[in-house]
1. With angles folded into 0 to 90 degrees, how steeply does helix 172-182 sit against the dominant principal axis of the chain? Use alpha carbons for both and round to 10.
2. Would you tally the net charge around Thr71, using a Cβ to Cβ cut-off of less than 15 Å, leaving Thr71 out, and scoring K and R as +1, D and E as -1?
3. List the chymotrypsin sites (Phe, Trp or Tyr not before Pro) in region 213-310 that DSSP assigns to loop (not H, G, I, E or B) and whose Cβ has at most 12 other Cβ atoms within 10 Å. Which are they?
4. Quick check: at a probe of 1.4 Å, how many percent of the accessible area of the chain sits on carbon and sulfur atoms?
5. In square angstrom, what is the accessible area per residue of the chain with a 1.4 angstrom probe?
6. As a test, work out the antiparallel percent of DSSP beta bridges whose residues both lie in region 29-109, rounded to the nearest 5.
7. Order these peptides, 202-209, 7-14, 138-145, by their mean beta-carbon neighbour count within 10 angstrom, highest first.
8. Classify region 25-322 from the C-alpha gyration tensor, please: rounded if a/c falls under 1.5, else prolate or oblate depending on whether a/b exceeds b/c.
Amino acid sequence: MSTFPVYRPRRLRANENLRRLVRETALSVDDLIYPMFVIHGNDTATEISAMPGCYQYSVDRLVVAAKELATLGIPGTILFGIPASKDPLGTEAYAEDGVIQQAVRAIKDTVPDLLVITDVCLCEYTDHGHCGVIEANEVQNDPTLELLVKESLSHARAGADVIAPSDMMDGRVGAIRNALDENGYKNIPIMAYAAKYASAFYGPFREAAESAPQFGDRRSYQMDPANAEEALREVALDIQEGADILMVKPALAYLDVIHRVKTEFQVPVAAYNVSGEYAMIKAAAQNGWIDEERVALETLTSIKRAGADMILTYFAKSVVEWI
Ligand code: PBG
């Protein structure tokens, strides 16, 4: 490569049309998945205080929101449910008339083309707020798998297009894949939260989904933020077990992990731009300290540049307006 003064990098930055021609990464509506929260009741949309512009919707209002996504051209949504009551085994997670099951059926009835991805986990449904069955004050791995399988099958029966296990139990992707295949759901893809870290960035989500652990924390099942090689092992395992899309979560503090997953495995990679990442930008923008649109687009572009094929983001609807 020639060097200065023959090579002058500024030549190709001189105007917007030149910059457009050499731009390496483009954020598109095709990349976006919008997360939504659903709660029992009628005609309610309660704004989540730490996530301005995001709501807990009753099923009827969720359907209206789903129509808006389809109109905007956003390919899909991922749904989280807030149950009517919680118990030690998270029973509503796999109830046929559970809030998520109702929500999936309602969206599929009215906006059939919008992809409905369901988050499979127990923390929103258990009274202790952990992602699995508790015995002796510990989350038990293998007994939890049975419940996750029941939950996945009930989502599939309701019409879910993609199943997304976020619990971080060992072996859950394989268990869910087997159960889906044996029950006639061979074609439902699994989007695995493969490298999911025990992150403080989930704070606002736990208010939104009412899912904060009532004792201890999630460090015995979610990953240590200091580890990247372990993320590659987690991803390799999930691929072997049958995952179709591999997720890294959170996104911004883990761009290196996104990049390594994409370069080491040639698989579809999803990145979750989580609630805390959203809340930070919103809060700073509300204070007039940063420009929300520019910072959000810069952030999402960096996630794509790092290697994500798709981004789960609370900014999805705004992005469509901005780009
Ligand atoms: C459920 C789950 C969480 C998130 C997605 N699925 C919370 C957690 O693990 O505590 C977080 C999403 C966000 O912060 O936007 N296990």
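The values are calculated or read from the model by the stated rules, or taken from the named source; none is laboratory data. None of these values were measured; they are calculated from a predicted model. Please note: Cβ atoms are built from the backbone with ideal geometry, for glycine as well, and neighbour counts cover all protein chains shown. With ligands, DNA and RNA removed, areas are computed over all heavy atoms of the protein, side chains included. Shrake-Rupley method; radii C 1.70, N 1.55, O 1.52, S 1.80 Å.
1. Taking the Cα atoms of the chain, the angle to 172-182 is about 70 degrees.
2. Numbers: positive: Lys67, Lys317; negative: Glu68, Asp113, Glu321.
Within the 15 Å Cβ shell, the charges total -1.
3. On the way: sites: Phe215, Tyr221, Tyr254, Phe265, Tyr272, Tyr278, Trp289; in loops: Phe215, Tyr221, Phe265, Trp289.
Taking region 213-310 and a limit of 12 other Cβ atoms within 10 Å, the loop chymotrypsin sites (Phe, Trp or Tyr not before Pro) found are Phe215, Trp289.
4. Values: 7270 of 14480 Å².
The value for the chain is 50 percent carbon and sulfur by accessible area.
5. On the way: 14480 Å² over 323 residues.
Heavy-atom accessible area per residue stands at 45 Å².
6. Counting only bridges with both partners in region 29-109, antiparallel ones make up about 30 percent.
7. Numbers: 202-209: 21.2, 7-14: 9.0, 138-145: 17.5.
Those peptides, ordered most packed to least, come out 202-209, 138-145, 7-14.
8. On the way: a/c = 1.30, a/b = 1.12, b/c = 1.17.
Here region 25-322 falls in the rounded category.
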